[in-house]
Amino acid sequence: MTTTRLMIIDDGQGVFTPLTDLRAVFELRTGMHTTLKRIEQLTGLKTDALQVPNVLQAVVRARHPKIAVNQDFNQPSDWLVVNGRCCDHQILKQVATLELGESLQQTDQTLIGARVSLTQNWNLPAKMSVVTTDKPALMSKLWEIHNFLHGNLMDDIHRCPIKPIEQPPPGTPAPGSPRPGVSGLPGGVIVFGEHVVKVHPSAKLQPGVILNSEAGPIVIDANALVESPSVIQGPCYVGKGAMVAPMTQLRGDTVIGPVCKVAGEIKASIIAGYSNKAHGGYLGNALMGYWVNLGADTTASNLKNTYTPVRMQLAPNEPREDTGLANLGPVIGDYVRTGIATCMPTGTVIGTGTMIAQSTFIATCVPPMGFITDRHAQVYEAEKFIQTANTIMGRRGDKLTPAEEDRLRDLARDAAGYYC
């Protein structure tokens, strides 16, 4: 019996900067999981090969040392090839059911996935049975993650292996009352709602925490800490080792990645991992990368005064475009730091590695690798930035890989023109 192998591609199409400055599009968190992990879960396959743009080859290879990255294979195999711009759980389930020789394409003939036999290279067969979907399947702009977030999060939580907490007997208790006999949770934790609540046995919830699953399910993952009094509304995921500070409000469609510290009010946002929003302030409909630190009372708008769709510019060399979304908060790249009381206009984008210490509203498109104050804006000197990043990561027992350091040097060099 021939074993099917899995290959995921980042075809370099679309605009996903700044969150893809240091990672491939399939490494973006697009729900509880990254797209790569969701593809593996829904196909039942482990990734054997990745194809990425050349500028990302070294950093992706360092992050996935056991997977062939941009390498040819040396023996004929059957492959399931998946376009990493497809994050939608429903479409990925359809990709998983493709028969050998079949492909799934958009109406513009762009490949979503194919199950094929390859003999010598990655060139797909000229003749394949084509299945076409008219459903939007491939993202082309970063903000489109919000179009898939709710559905992905609901499905990801459904598949999460953590055992749900026990349900109360029919008719009791009244809404808002503590569930009696909830295994592993303090008696003062209030849990109500129709959807499942999954709490890992190693997670710690303090008495007075409220878990509201009326609008969707909730997962509190391993070694997470939720301090009292905090309110979590589903659907919501709190990742491994994350800390939710007292008085925090996590509203629906929120994803808190691993080892994050969060506080204030957060709604319909993804914080990818290892980032801190540890103080007051509002963050809504936002996409935040890794190793970000937001100063106290940093606040972002996610709704225009005119209630019209938000326009966003993902990078200084990209046009400002209508997103079609009435609610859209900031996109914040990896390693960004903001000073206290930083104010972000609706649809702000902050490039990778930028430090902001301004007393007024910041620009709606901030270039990468900058050091910006009220007095001046200049490029962040690469070696100093790398030293600071390693100090920050060292507090969590991590550090930049040599490939990441080189990529950051490239970003700083390219950004110098923005700060002349």
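Bear in mind that the values in this text are calculations on the coordinates, not laboratory data. These numbers were taken from a predicted model, which means no experiment stands behind them. Glycine gets a Cβ as well: all are built from the backbone with ideal geometry, and neighbour counts include every protein chain shown.
Each 10 Å bin, from zero up to the one with the longest distance, holds this percent of the alpha carbon pairs of region 4-140: 12, 46, 36, 6. The simple Förster model, with R0 at 30 Å and r as the Cβ-Cβ distance, assigns Gln109 and Asn147 a FRET efficiency of 0.85. Annotation: lysines with alpha-carbon distance below 16 angstrom to Lys135 (same-chain offsets under eight excluded): Lys93. What is the chain by shape, rounded, prolate or oblate, if you read a ≥ b ≥ c off the alpha carbon gyration tensor as root eigenvalues and call it rounded for a/c under 1.5, prolate for a/b larger than b/c, and oblate otherwise? Oblate, since a/c reaches 1.5 and b/c is not below a/b.
A simple spin-label model places the labels of Ala326 and Gln13 3.1 nm from each other, with each point 7 Å out along Cα-to-Cβ. Scoring 285-292, 347-354 by mean Cβ neighbours within 10 Å over their residues and listing the highest first yields 347-354, 285-292. When +1 charges are put on Lys and Arg Cβ atoms and -1 charges on Asp and Glu Cβ atoms, the dipole computed for region 183-419 relative to its Cα centre reaches about 320 debye. Over region 44-90, Cα pairs under 8 Å with separation of 6+ residues give a relative contact order of 35 percent.
Region 250-406: Rg/Rh from Cα coordinates, Kirkwood Rh?
Values: Rg = 15.1 Å, Rh = 15.8 Å.
In region 250-406, Rg relative to Rh is 0.96.
Of all beta bridges that DSSP places with both ends in the chain, some 20 percent have antiparallel geometry. In region 212-298, Cα pairs under 8 Å separated by at least six residues give a relative contact order of 20 percent. The residue among Ser213, Asn285, Tyr419 whose Cα reaches farthest toward the positive pole of the charge dipole of the chain, with charges on the beta-carbon of Lys, Arg, Asp and Glu, is Ser213.
Less than 5 angstrom separates the built amide H of Arg5 from those of Asp78, Trp79, Leu80, all sequence-distant by 5 or more or on a different chain.
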